[in-house]
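Asker: Starting off with a structure, shown below.
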Amino acid sequence: MIVAFLGAPYAGKGTYAKMISEKHDIPTVSMGQLLRDLSKENSELAMEIKSYIDKGILIPDEKMLEILENELKKEKYSKNVILDGYPRTLSQAVMEEGKIDLEVVILFTTSMETIIDRGAGRRTCKDCERIYHVKNIPPKKEGICDVCGGKLYQRDDETPKAIKNRLEIFEKNIGPIVKYYERKGILKRINSDPPYEEINKIIKPLEMAIGLR
Ligand code: AMP
């Protein structure tokens, strides 16, 4: 089964993808992380990817699909996979039909207030990219990743102003993607406003939507 998680920055899709992945042993492809890993290789493609990421613009749709299709050929993705961060444009959605064939598309919906709060408090591990929140998901030892011991940092684009900007870009692109998958009848909405202490209010409906309960 191939599931895509869509949502505004800080809607929590990366966190829920990790939780579902660990609980149900379903591998996740995080597009941002995959691209950052590829950009560190020694190749022409790596240089090209890096130049897009550094400018903060999206990788062209055809190239993106090619990269994703290649990744999905790996044996570990042969049964189930969660895509975190794909599709991000309508044409990526249209182009995946007949190639990747998403079966369920989850849209995480969250209020602006929650997004700003989560964004400003987020910390990310420099090494494994695991995500924490200073209040909601603190690491056991301040500033240090529980899993790999890497240093936690705050991304430059995590100020309230930058978050609002990224949100505007997201809002512009997401409407047509949502309509597209609604028409196909595979879009499911999950309210991801509940705080971390009430995570089951998100995880249970999410598992049901994916067919894991
Ligand atoms: P993220 O970590 O999700 O913010 O992604 C980091 C960067 O990777 C983005 O700024 C884009 O340059 C690139 N990227 C991630 N996902 C996609 C996608 N679906 N299509 C094109 N570019 C992407």
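The values are calculated or read from the model by the stated rules, or taken from the named source; none is laboratory data. None of these values were measured; they are calculated from a predicted model. Cβ atoms come from the backbone with ideal geometry, glycine included; neighbour counts cover every protein chain shown. Keep in mind that these areas ignore ligands, DNA and RNA; they rest on the heavy atoms of the full protein, side chains included. Shrake-Rupley method; radii C 1.70, N 1.55, O 1.52, S 1.80 Å.
Asker: Rounded to whole Å and sorted largest first, what semi-axes of the equivalent ellipsoid does the C-alpha gyration tensor of region 33-107 yield via the square root of 5 times each eigenvalue?
Answerer: Values: eigenvalues 94, 47, 23 Å².
Each semi-axis is the square root of five times an eigenvalue, giving 22, 15, 11 Å.
Asker: Same structure again: Once both labels are modelled 7 Å past Cα along the beta-carbon direction, what's the residue 126-residue 25 spacing in nm?
Answerer: Placing both labels 7 Å along Cα→Cβ, they lie 3.5 nm apart.
Asker: May I ask you to order 74-85, 33-44 by the average number of other C-beta atoms within 10 Å around their residues, highest value first? Please report the intermediate quantities before stating the final value.
Answerer: Details: 74-85: 16.5, 33-44: 13.6.
Result, highest mean Cβ count within 10 Å first: 74-85, 33-44.
Asker: Have a look at region 1-55 and give its Rg and Dmax from the Cα atoms, expressed in angstrom.
Answerer: My reading of the Cα-based Rg and Dmax gives 13.7, 37 Å.
Asker: Starting from 0.36 nm per residue, how many nanometres of slack lie between residue 154 and residue 36 once their C-alpha separation is accounted for?
Answerer: Details: separation 118, 0.36 × 118 = 42.48 nm, distance 1.70 nm.
Here the answer is 40.8 nm.
Asker: Further, regarding this structure: Only bridges with both residues in the chain count here: give the DSSP antiparallel percent, nearest 5. List each step's numbers first, then the result.
Answerer: Numbers: 7 of 24 bridges.
For the chain, the DSSP antiparallel bridge percentage is about 30.
Asker: Tell me, what is the per residue accessible area of region 91-138 in Å², probe radius 1.4 Å?
Answerer: Working: 2250 Å² over 48 residues.
About 47 Å² of surface per residue is accessible.
Asker: Distance in nm between label sites at residue 179 and residue 51, each 7 Å beyond Cα in the beta-carbon direction?
Answerer: 3.4 nm
Asker: Let me ask you something else. Per DSSP H run of n ≥ 4, the term is -39500 (n - 2.57); total these for the chain, divide by its residue number, and report the mean residue ellipticity at 222 nm rounded to 500 deg cm²/dmol. Please report the intermediate quantities before stating the final value.
Answerer: Working: 8 runs with 98 residues, N = 213.
Here the helix-only value at 222 nm equals -14500 deg cm²/dmol.
Asker: For region 105-213, which GluC sites (Glu not before Pro) are in a loop by DSSP, counting at most 15 other Cβ atoms within 10 Å?
Answerer: Numbers: sites: 113, 129, 142, 158, 168, 171, 182, 197, 198, 207; in loops: 129, 142, 158.
Within region 105-213, the qualifying GluC sites (Glu not before Pro) (loop, at most 15 other Cβ atoms within 10 Å) are 142.
Asker: Whole angstrom only: what separates the Cα centroid of region 169-213 from the Cα centroid of region 11-56?
Answerer: The two parts, judged by their Cα centres, are 20 Å apart.
Asker: Largest first, please: the extent of the C-alpha atoms of the chain along each principal axis, to the nearest Å.
Answerer: Computed over the Cα atoms, the extents are 45, 43, 35 Å.
Asker: Still on this model: Could you compute the net charge surrounding residue 126? Neighbours are other residues with a C-beta less than 12 Å from the C-beta of residue 126; K and R count +1, D and E count -1. Can you show the working numbers first?
Answerer: Values: positive: 36, 123, 130, 151, 155; negative: 127, 129.
Local net charge: +3.
Asker: If you don't mind, there's one more thing I want to ask. Consider all pairwise Cα distances in region 62-188 and report the whole-number % of them above 23 Å. Kindly include the intermediate steps, with their values, before the conclusion.
Answerer: Working: 3946 of 8001 pairs.
Cα-Cα pairs in region 62-188 separated by more than 23 Å: 49 percent.
Asker: Under the classification rounded if a/c is under 1.5, otherwise prolate if a/b is larger than b/c and oblate if not, where does region 129-213 fall, given a ≥ b ≥ c as square roots of the Cα gyration tensor eigenvalues? Could you put the intermediate results ahead of the total?
Answerer: Details: a/c = 2.57, a/b = 1.39, b/c = 1.85.
In terms of gyration-tensor shape, oblate.
Asker: Taking all protein chains as present, what is the carbon and sulfur share of the accessible area of the chain, in % to the nearest whole number, probe 1.4 Å? Working shown, then result.
Answerer: On the way: 6030 of 11920 Å².
Ligands and nucleic acids excluded, carbon and sulfur reach 51 percent.
Asker: Test of understanding: express the Cα radius of gyration of region 112-169 as a ratio to 2.2 N^0.38 Å, with N the residue count. Numbers along the way, then the final one.
Answerer: Details: Rg = 11.8 Å, N = 58, 2.2 N^0.38 = 10.3 Å.
Ratio of Rg to 2.2 N^0.38 Å for region 112-169: 1.15.
Asker: About the Cα centre, and with charges only on the beta carbon of Lys, Arg (+1) and Asp, Glu (-1), how big is the dipole of the chain? Nearest 20 debye, please.
Answerer: Numbers: 36 positive and 34 negative charges, 108 e Å.
Roughly 520 debye for the chain.
Asker: Give me the accessible area of residue 134, 1.4 Å probe, in Å² rounded to the nearest 10.
Answerer: My reading of the accessible area for residue 134 is about 80 Å².
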